[in-house]
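The values are calculated or read from the model by the stated rules, or taken from the named source; none is laboratory data. Small disclaimer: the values here were computed from a predicted structure and weren't measured. In case anyone asks, the SASA skips ligands and DNA or RNA and just uses the protein heavy atoms, side chains included. Shrake-Rupley method; radii C 1.70, N 1.55, O 1.52, S 1.80 Å.
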Amino acid sequence: MGNGMNKVLPGLYVGNYRDSKDSSQLAKHNITHILAIHDTARRIHSDKHYLCVMASDTPDQNLTQYFSLCNDFIHAARLRDGNVLIHCLAGMSRSVTVAVAYIMSVTTLNWKDALKVVRAGRNVANPNLGFLKQLEEFECTRLIEERRRLKERYPSLALVYKDQEQCALMLNNYEELLQSRSICEGNCALGETCPSGLCSLELDMSSGPHPKGNRAPEPIKDLSQKCTEVRALAVPEAALAVLAAGPDPALRVFEVWLQLHHHDQAAESTCPPVG
């Protein structure tokens, strides 16, 4: 999560909040457009094109309503040779869900294979269960219409073959990563170290470790202490150091850090949020 943004398609990257603020990374990957989707999404760089979507990382948050808007933003940018960064807070759930929906919409892949494409590039990709259900429902009820809409609005075939080639490569890479234990599908055995850290998210907070999990969650009572520690930190890198200690509940700690520290630049924001 703290190793930088990751390329999932030509001109399409997924990352976290820190990546979105890192001018050196943005320059390295020639990022021209930024899609920010989290609770406090806002414009940070005046020289970038932004789409800001206000959305929480909760299973009942409706992301499907934003798929077409996000697809237009991403696709139009890529057709103009722009490079797009999609980011949320940790670059695991909301941003990944949007990337998967886009890949489904511009290729022939189903949601499961589109998620594999993203995971092959970013092994911490792990949408919450509610978002996975929304992707499945999107595939069953709206995907055909969304593909038709995009083809009518953007008839250019400039990206079709490049995306097909890249997706085939990423799916092949995914299988190799799976076999080499460099990535997992959330099914590591109890006591087994998960290469991606995803299995730690398969835990029942009320009854202890899930049979597929390998690490018990921290008690909720510890969050107040962690929040105090994070509040004392003054840089995103330090907050991410806490985050790296465990995705759950450290993700919530990171959100607390952002809520405490984002106001310093809020007055500079000129990106009207959606949602």
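Data table
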| item | result |
| --- | --- |
| Volume per residue of the C-alpha convex hull in the stretch 47-185, rounded to whole Å³ | 112 Å³ |
| 1.4 Å probe accessible area per residue over the stretch 119-188, in Å² | 58 Å² |
| Descending semi-axes in whole angstrom, ellipsoid equivalent of the stretch 49-114, from the Cα gyration tensor | 19, 15, 11 |
| Among the listed pairs LYS7/LYS162; LYS133/LYS162; LYS7/LYS48; LYS21/LYS162; LYS116/LYS151; LYS28/LYS116, those beyond 21 Å (Cα-Cα) | LYS133/LYS162; LYS21/LYS162; LYS116/LYS151; LYS28/LYS116 |
| Computed Kirkwood radius, in angstrom, where 1/r is averaged over Cα pairs of the stretch 92-161 | 12.4 Å |
| For the stretch 1-81: span of alpha carbons on each principal axis (Å, largest first) | 36, 29, 25 |
| Other-chain or far-sequence residues with amide H under 5 Å of HIS38's (modelled H) | VAL53, ALA55 |
